[in-house]
Amino acid sequence: MIFFGGFIFLILTWFFFKKAGSDYPRLFWSAFFYKCAMAIALGLVYLHYYKSNDTWLFFYDAVKAAELGRTDFGAYIQFLWNSESSNPIMISLVNTQERSLFLVKIISITCLLTADNYWLCSIYFASISFFASWFLFASVSRHFDNSYREAALAFLFYPSVLFWSSGLVKETLALAGIYFLATIFIKMVGSNRISIPEWIVAVLAFYFSWNLKYYWTALFMAVAITSVMFIYFKCRRLISTKYQFLTWTFIFIVLCAAFSLMHPNFYLNRFLDVLITNHNDFVAISKPDALIHFYQLEPSWISIFINSPWALFSGILRPFLWEANGLTGLLAAFENLILLVLIGSAFVKRAMPTANRILLFSTLTYIVLLCIFLTLSTPNLGTLSRYRVGFLPFLVVAVSYRNSLLKYLSERINQVRQ
């Protein structure tokens, strides 16, 4: 079975390359193998470095489910379709929380194809994530002039994004779903035709990302749909030039209210309570020097507003070098230092074409809001480094595009080569 699964994997990868990656063969294969290497690295780090062993616990549960599939396929299908607490296999599983169990089910399918090989399962996940990131890279490169290098950096090579979205963790498939939804969004903004297969994959992308990271997905969809509706109304001159910002904001608030009905944690009467409860849970299990400390944080919008600037700053740029603990913390701190330089240089002699300003505004709205609420609910610096991959690649491409420092460095490199 392992050889059959490997053969199918190679065929699908080659087909994808011929279909979507043949224009950049060297970039495609270097990015693909880098992604697979990161998947292996994540498994090794969790195996030998971290005390919390999430990815391996997901895998061990998936192996139990796959064994059920080999012995009683009907019961396995029932488990995939409906995991009631009365199902006998539920007793033996560690991860029974809804989103974790959803991931276990998906991993169990790859276990059946790989004869319960963790590393091959990780490469399957990494490949799915890579395909989605490649689609987004190609879409951004086509839509924005001279954005090839910036898109490649953000979606194909940025270290922490690749590391935390390449193995058997929720972020891998959730970010892949967000990437594909972003690809569809860019096509809609550019008035490009979207094929039926692309719509089908978009529905699946939404389904997977919602079940794994519903808060990423809800915010992204609210921002994306708002911008599409805004452009539609603007093209038909239904929006006054004076009230464009107010119109966008009004549509966004209405859509946020609609999405708040889709999950109990979003209900307006409990949203802030859930956020503060999550914050307090992390504070209780974290060391003080590994925490982001806020000023009298409580479940009120005034408190959220007061603490939001510090949450935004900390979520993007911390840990600092003097706050880093261990090798992974030090690497994250160096990466944040580079990000700080990119953000600073992004404001020097930079002009954004008018046609792309709505995309930039939408992207920044998603980044700012997701960063603030993630940081407030997850004040642990180590955990936040993983969770922030939901917005980090979009931030990297936003501050890298038409960046004066990167332009200068690129010109200098070209001069040296000549």
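The values are calculated or read from the model by the stated rules, or taken from the named source; none is laboratory data. Everything numeric in this text was worked out from a predicted model, so none of it was measured. Counting neighbours? That spans all protein chains shown, and the Cβs are built from the backbone with ideal geometry, glycine included.
With the condition kept exactly as written, say whether any residue in the range 299-314 is modelled with pLDDT of 90 or more, surrounded by fewer than 17 Cβ atoms within 10 Å (Cβ to Cβ), in contact with a helix residue (DSSP H, G or I) (Cβ under 8 Å, 6 or more places away or on another chain) and among the polar types (S, T, N, Q).
Looking for residues that are modelled with pLDDT of 90 or more, surrounded by fewer than 17 Cβ atoms within 10 Å (Cβ to Cβ), in contact with a helix residue (DSSP H, G or I) (Cβ under 8 Å, 6 or more places away or on another chain) and among the polar types (S, T, N, Q), one finds at least one in the range 299-314, hence yes.
Given the options F155, F206, F233, name the one that is surrounded by fewer than 23 Cβ atoms within 10 Å (Cβ to Cβ), at pLDDT 95 or above and not polar (S, T, N, Q).
Step by step, each of F155, F206, F233 is checked, and only F206 is surrounded by fewer than 23 Cβ atoms within 10 Å (Cβ to Cβ), at pLDDT 95 or above and not polar (S, T, N, Q).
So, S108, is that one farther than 23 Å from G390 by Cα, under 27 Å from the mean Cα position of the chain (by Cα) and at pLDDT 90 or above or not?
yes
For every residue, the table says whether it meets (1) in contact with a Leu (Cβ under 8 Å, 6 or more places away or on another chain); (2) in a loop (DSSP other than H, G, I, E, B); (3) on the phi > 0 side of the Ramachandran plot; (4) not small (G, A, S).
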{"residue": "T13", "(1), (2), (3), (4)": "no, no, no, yes"}
{"residue": "S30", "(1), (2), (3), (4)": "no, no, no, no"}
{"residue": "Y34", "(1), (2), (3), (4)": "yes, no, no, yes"}
{"residue": "A66", "(1), (2), (3), (4)": "yes, no, no, no"}
{"residue": "G74", "(1), (2), (3), (4)": "no, no, no, no"}
{"residue": "I107", "(1), (2), (3), (4)": "yes, no, no, yes"}
{"residue": "D116", "(1), (2), (3), (4)": "no, yes, yes, yes"}
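Checking N95 against (1) under 30 Å from L405 (Cα atoms); (2) assigned to a loop (DSSP other than H, G, I, E, B): exactly one of these is not met. Which one?
(1)
How many residues does the range 324-340 contain that are within 20 Å of I372 (Cβ to Cβ) and either among the acidic types (D, E) or loosely packed, with under 15 Cβ neighbours inside 10 Å (or both)?
Qualifying residue count for the region: 1.
Enumerate the pairs (first residue in the range 69-84 and modelled with pLDDT under 85; second residue anywhere and surrounded by 12 or more Cβ atoms within 10 Å (Cβ to Cβ)) with beta-carbon separation below 7 Å, excluding pairs fewer than 6 apart on the same chain, so at least 6 apart or on different chains.
Pairs found: S83/M90; S83/L101.
If you check every pair at least six apart or on different chains, which have Cβ atoms under 9 Å apart with a residue in the range 147-161 that is basic (K, R) first and a residue that is crowded, with 18+ Cβ neighbours inside 10 Å and at pLDDT below 95 second?
From residues that are basic (K, R), the pairs are R149/S400; R149/L406.
Quick check on this structure: which one of S303, S314 is of a type in the set (G, A, S) and more than 23 Å from K213 (Cβ to Cβ)?
Result of the check over S303, S314: S303.
When the residues of the range 236-278 are narrowed to those that are touching a residue at least 60 places away in the same chain (Cβ under 8 Å) and among the aromatic types (F, W, Y), which ends up surrounded by the most Cβ atoms within 10 Å (Cβ to Cβ)?
Per the stated criteria, the residue is W248.
Enumerate the helices (runs of 4 or more DSSP H) found wholly within the range 317-410, keeping only those where 3 or more residues are farther than 30 Å from R270 by Cα and in contact (Cβ under 8 Å) with a residue 24 or more places away in the chain.
Here the list reads 326-345, 357-377, 392-400.
Got at least one residue in the range 212-227 being under 15 Å from F373 (Cβ atoms) and either in contact with a strand residue (DSSP E or B) (Cβ under 6 Å, 6 or more places away or on another chain) or not in a helix (DSSP H, G or I) (or both)?
Within the range 212-227 (the criterion being under 15 Å from F373 (Cβ atoms) and either in contact with a strand residue (DSSP E or B) (Cβ under 6 Å, 6 or more places away or on another chain) or not in a helix (DSSP H, G or I) (or both)), the answer is yes, since at least one residue qualifies.
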